[in-house]
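FYI, it's all coordinate maths here, none of it is from the lab. If you're wondering where the values come from, they're calculated on a predicted model, not measured in any experiment. All Cβ positions, glycine included, derive from the backbone under ideal geometry; neighbour counts span all protein chains shown.
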Amino acid sequence: MVNTKVNLCGITIDNPVIPASGTFGYGYEFAQLYDINMLGSFSFKGTTKDARFGNPTPRIAECKSGLINAVGLQNPGVEKVIAEELPKMREVFHKPVMANVSGFSVEDYAYTVEKLDSEDCIGWFEVNVSCPNVHGGGMSFGTDPQMAAQVTKAVKAVTTKPVIIKLSPNVTNIVDIAKACEQAGADGISLINTLLGMRIDLKTKKPVIANKMGGFSGSAIFPVAVRMVYQVYEAVSIPIVGMGGVSCAQDVIEMMLAGATAVEIGAANLVNPFACKDIIEQLPQVMEQYGIQDLKDIADKIIPDDPWAFVVQLVATFFLVIILTFFLVKPVRKYIAARQAYIQNDLDEAKAKNEKASIDVIEAETKLKETKKVCKEMLETAKVTALNEKDRIVEETNKEVTLMKEKAKLDIETQRKKMKEELTSEVIDVALSAASKVVEREINDEDSKKIISSFINKE
């Protein structure tokens, strides 16, 4: 006879099967189909401080192996849940129930939990910081480790009952958020909520649901859920409630092997209202099929049942290490050493080349400075030479001008005298001719000389 009982945060339940919030209402609708007291527990519809009418319709879209919903936490508010829904629930379900709460501020979460805390039918609080279908709250708290921690602390301050934080898969690292919640005092973690998805109607060319996007759930997301449950299980020491695409007893066992203490069933309830009943009835048979007598043994799955088998495995491992050391480790070490030497040689050569290059650069810079200095000196010398040459040319030019002036003066004087003499000679001839006529005789050479001499002297 197999044992399906598990302990969830200090409360023992008959089996790990728990219908997920939003897919089971407050239970009394399903109680008309079968005795829901066969369930381990169930998480009732998400409750907020104030009443919510949810998102506009349509808000459900079918998908292959799943569906998209954007209901938007529709509920009557915590006051009416306490006054109207819980009394009807108590009539059909007689075990501790999980209260799923959500909010749009840290104060909203604390208020709702504090209101529900006095209800004796509530065994756990499942605090939803992961709803993708609301604006201004829900998932915004579950995507930031600090915000998730603040919500956890606020809720823990107003209740002594176990607090399980429900996380979103729509984050970069779900492990960081889970660890933050654990450090803030969370008693457990539930994951994963729905993935963010979208469908478009080919006829209308518009999104199928009015909210455009919504939470994608169903069997298609099961591998993602198993992976995340395993990652969180490796990082925290508090219990985990696994969910996401679970649809059969085998899925329950697989989720528990990944690290879950209990398992929630969501979308499967919407497809088959008897899904949880069927899983619970099939679970013992599946446990026997895989050699599981007690579900708590799954936590010890890595410990062999046969101690001698463990010893044999240990010895085999020992000899394997020796063989690997002799045939693999030593050659690998030798190769690594040779590779390191090769790399070091390359590094040394690179360093030497770098140092040489640095020296060459310094030498080039020195030569460049010297060249600039020589060029500057040559330029200064050229300037001085040019100035001296200019002065010399000016001086020689002045001298030549002075000589030319003096020569011109001499030429002018010589020409003046010559012209004077020629003019004088012509004047004398004219005068002599005139005088001859006056005296009516020829003037001889002797007379001429006397006259000319006298004329010239007068000059």
query: Which FRET efficiency value, to the nearest 0.05, do you get for residue 343 and residue 237 by plugging their Cβ-Cβ distance into 1/(1 + (r/R0)^6) with R0 = 30 Å?
result: 0.10
- request: Give, in whole angstrom and from largest to smallest, the semi-axes √(5λ) of the equivalent ellipsoid of segment 177-235, with λ running over the eigenvalues of the Cα gyration tensor.
  value: 33, 13, 7
message: Using DSSP to call loops (not H, G, I, E or B), can you name the trypsin sites (Lys or Arg not before Pro) in segment 106-215 whose Cβ has at most 10 other Cβ atoms within 10 angstrom?
response: 203, 205
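When the Cα atoms of segment 188-269 are enclosed in a convex hull and the volume is divided per residue, what value in Å³ results? Before the final figure, lay out the partial values.
On the way: hull volume 8.3 nm³, N = 82.
So the per-residue Cα hull volume is 102 Å³.
Identify the trypsin sites (Lys or Arg not before Pro) of segment 17-98 meeting these criteria: DSSP loop state and at most 16 other C-beta atoms within 10 Å of the C-beta.
Qualifying residues, ordered by number: 64.
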task: Give a residue-ordered list of calculated ³J(HN,Hα) values for segment 194-201 (Karplus: 6.51 cos²θ - 1.76 cosθ + 1.60, θ = phi - 60°; whole Hz; x for Gly, Pro).
output: 5, 7, 7, x, 7, 10, 10, 6
- prompt: Å³ per residue of the Cα convex hull, for segment 6-301?
  reply: 119 Å³
Gain in span if fully extended, residue 403 to residue 119, counting 0.36 nm per residue against the direct Cα distance: 88.8 nm
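If you build the Cα gyration tensor of segment 24-113 and take the root of 5 times each eigenvalue, what three semi-axes come out, in whole angstrom, biggest first? Kindly include the intermediate steps, with their values, before the conclusion.
Numbers: eigenvalues 98, 85, 27 Å².
Working through the eigenvalues yields semi-axes of 22, 21, 12 Å.
Which ordering of 63, 276 is given by a fewest-first count of other beta-carbon atoms within 10 Å? Intermediate values should be presented prior to the final figure.
Values: 63 16, 276 28.
Fewest to most other Cβ atoms nearby, the residues stand as 63, 276.
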